[in-house]
Amino acid sequence: MAKQLKKWQGWALFGGSMIVVFLLGLLVSSLMERRAEVVSVFNNKRTVFEDSIVAQNEKFKADYPREYETWAMTEDTTFKSKYNSSQEVDVLEQHPEMVVLWAGYAFSRHYNTPRGHKHALEDMRKILRTGNPGIQITPDSIAGDMQPATCWTCKGPDVPRMMRELSASKSVMDPANFYAKKWSELGAECGVLLHQA
């Protein structure tokens, strides 16, 4: 003889199923709304760029207001937390064992907590792990010119422009010449257009 569900169990199963179907409907609705929003953004751009490489964040504000707002929020450095803050804190001073763990890597020279993308280029320019670009020890050697230009590619939104300018053919982006350079050679260039409107 087959065991039958009690009346309340049947209703609980029915109610649970309805809740799951309702939540799945909300999820699908949200996904469709986002898809329509993305299509709308790409079809209704307010800003038309003459160049395919644009590094100034402010130029994207009209078309991507939420993304721009969250990027601009990273300027605030008042956030404090046990595990990370938006303030500049020397992590190696707090955890000296990390110097040993990272021995041989540039991170063992200097490592601060990340302060957000609004401060990324500023932080990269002054941190010791990129070397001490441009500081001369002797007339023939530059102190700490140890990092390749590749280090700019993580946080430098102006890097594609530099790759194009350094390529043999200015119409085609060939990154080989960019990657052959040293960090300090491009320090004055990468990110230079960020604050120009």
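The values are calculated or read from the model by the stated rules, or taken from the named source; none is laboratory data. Keep in mind the model is a prediction, meaning the values are calculated, not measured. Cβ coordinates were reconstructed from backbone atoms using ideal geometry, including for glycine residues, and neighbour counts include every protein chain displayed. Only protein heavy atoms, including side chains, enter the accessible area calculation; ligands, DNA and RNA are left aside. Shrake-Rupley method; radii C 1.70, N 1.55, O 1.52, S 1.80 Å.
Assorted remarks:
- Solvent-accessible area, 1.4 Å probe, carbon plus sulfur percent, for the stretch 68-136: 56
- Neighbourhood charge, 15 Å Cβ-Cβ cut-off, centred on ALA62 and excluding it, Lys, Arg +1 and Asp, Glu -1: +1
- Histogram of C-alpha separations across the stretch 65-131, 10 Å bin width, %: 19, 45, 28, 8, 0
- In terms of distances greater than 28 angstrom between alpha carbons, the cross-link table entries LYS82/LYS182; LYS45/LYS80; LYS45/LYS118; LYS61/LYS182; LYS61/LYS82 yield LYS82/LYS182; LYS45/LYS80; LYS61/LYS182; LYS61/LYS82.
- The calculated FRET efficiency for the pair ALA180 and ARG46, based on their C-beta separation and a Förster distance of 25 Å, comes to about 0.05.
- Protein heavy-atom accessible surface, 1.4 Å probe, per residue over the stretch 41-133: 70 Å².
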